[in-house]
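Throughout, read-outs are computed from the coordinates displayed, never taken from laboratory work. What you are looking at is a predicted structure, and each value in this text was computed from that prediction instead of being measured. Note: ideal-geometry Cβ built from the backbone for every residue, glycine included; neighbour counts use all protein chains shown.
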Amino acid sequence: MAGEMRERVAAELERLELSLRGLGLALVADKAAELAAKGRSGDVAFAFCGHFSAGKSSLINELCGAKLLPSSPIPTSANIVSIRSGAAREAVLKYRDGRTAHVEVEEAPRFAKDGEAVESVELRAPIPLLGDRAVLLDTPGVDSTDELHRQATDAALHLADLVFYVMDYNHVLSETNLEFAKRLSDSGKPLILIVNQIDKHRERELSLGAFRAGVEEAFRSWGVFPAACFYTSLRAPDHPGNELVRLKAAVAALAREGGKIAEAGLARAAAELAEEGARAVHAR
């Protein structure tokens with residue numbers, strides 16, 4: 001039954017794509033086509049967002065058990081950088097002209113800069129945590145002022161069934177974080193917050209329990225109610241407040257149960273696209 005529902009929504013998206021193209025709304029139609037293809041594949045997409053300094057890339061590498069992303073964020077432009085489990089360690093490039101190429105993972109950042117020719121970069125390696133269908137979508141820093149970076153982030157969020165928002169301990173309550181989390185929450189996408197680098201915490205100044213309570217209250221006051229919030233550190237794995245093991249277990253569980261998450265995300269995205277198309281028609 002679950003697979004039937006996914007196929008039905010994918011078919012509706014394909015019909016929506018044709019209608020949108022007939023109305024001359026190519027950009028919205030492209031989104032419908034991407035979502036329909038994702039629905040047919042059965043993939044569940046987890047987007048990772050955060051500031052450049054939040055340690056997002058290092059955290060993704062830790063979750064994957066392999067260094068797939070450089071320590072500094074991949075300088076993506078208008079393409080999407082995704083990670084999935086595969087038999088071999090490689091990067092798969094999809095060009096806008098339909099070509100596909102396979103290169104070494106270490107070469108991926110060079111191609112990720114070419115947003116005009118390269119549509120997407122997919123990094124593969126044996127990653128048991130992700131199973132067969134889970135895909136991680138890496139995004140540029142949300143604090144970037146580059147328009148192409150914003151487009152890459154929006155493209156990833158458009159395909160995401162669930163969003164992990166990674167924050168630096170020292171800037172967790174910045175206005176940028178609160179506003180971005182509010183935007184995600186308002187969109188209806190399931191949201192998981194990650195407060196990274198908690199090794200910066202000083203217990204003598206404020207207990208970790210009090211800090212956590214303050215963080216949760218601040219987000220609640222903005223109308224943000226995440227599905228979960230994890231506190232992590234890569235530099236101090238033995239930190240008493242480090243929940244990295246719990247985070248890994250949660251990602252693995254979400255990957256295993258991804259079918260339900262993907263179906264809900266697909267249906268929600270289809271409804272949003274229909275509304276976006278209607279707004280575009282009325283705006284003419």
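For the stretch 146-284, what mean projected area does the convex hull of the alpha carbons give, in nm²? Working shown, then result.
Working: hull surface 41.4 nm².
If you wrap the Cα atoms of the stretch 146-284 in a convex hull and average its projections, you get 10.3 nm².
Loop only per DSSP, at most 13 neighbouring Cβ atoms within 10 Å: give me the GluC sites (Glu not before Pro) in the stretch 89-139, ordered by residue number. Don't skip to the answer; put the middle values down first.
Numbers: sites: 90, 104, 106, 107, 116, 119, 122; in loops: 104, 116.
Answer in residue order: 104, 116.
To the nearest 500 deg cm²/dmol, what mean residue ellipticity at 222 nm is calculated for the chain from DSSP H runs of n ≥ 4 alone, each contributing -39,500 (n - 2.57), summed and divided by the residues? Numbers along the way, then the final one.
Details: 9 runs with 129 residues, N = 284.
It lands at -14500 deg cm²/dmol.
Using the per-residue mean of other Cβ atoms lying within 10 Å as a proxy for protection, in what order, highest first, do the peptides 33-40, 223-230 fall? Please report the intermediate quantities before stating the final value.
On the way: 33-40: 19.6, 223-230: 16.2.
So the peptides 33-40, 223-230, ranked by packing, come out 33-40, 223-230.
Can you tell me what the convex hull of the Cα atoms of the stretch 228-271 projects to on average, as an area in nm²?
Working: hull surface 15.5 nm².
Computed as one quarter of the Cα hull surface, the answer is 3.9 nm².
For a quick protection proxy, order the peptides 165-177, 42-54 by their average other-Cβ count within 10 Å, most packed first.
Values: 165-177: 18.5, 42-54: 22.5.
For the peptides 165-177, 42-54, the packing ranking is 42-54, 165-177.
Would you calculate the convex hull of the Cα atoms in the chain and tell me its volume per residue in Å³?
On the way: hull volume 38.6 nm³, N = 284.
Considering the Cα atoms of the chain, their hull volume per residue is 136 Å³.
Ranking request for peptides 207-217, 57-67: highest mean number of other beta-carbon atoms within 10 Å first, then the rest in descending order.
Top of the packing list down: 57-67, 207-217.
Placing +1 on the Cβ of each Lys and Arg and -1 on the Cβ of each Asp and Glu in the chain, which of 82, 253, 281 has its Cα farthest towards the positive end of the resulting dipole?
253
Amide H of residue 134 versus every other amide H placed in the peptide plane: which residues, excluding those fewer than 5 positions away on the same chain, fall under 5 Å?
Amide H neighbours of residue 134: 44.
Points 7 angstrom from Cα along the Cβ direction at residue 281 and residue 88: gap in nanometres?
4.7 nm
Can you count the Lys pairs in the chain with C-alpha separation below 20 Å, eight or more apart or on different chains?
Eligible lysine pairs with Cα atoms under 20 Å apart amount to 16.
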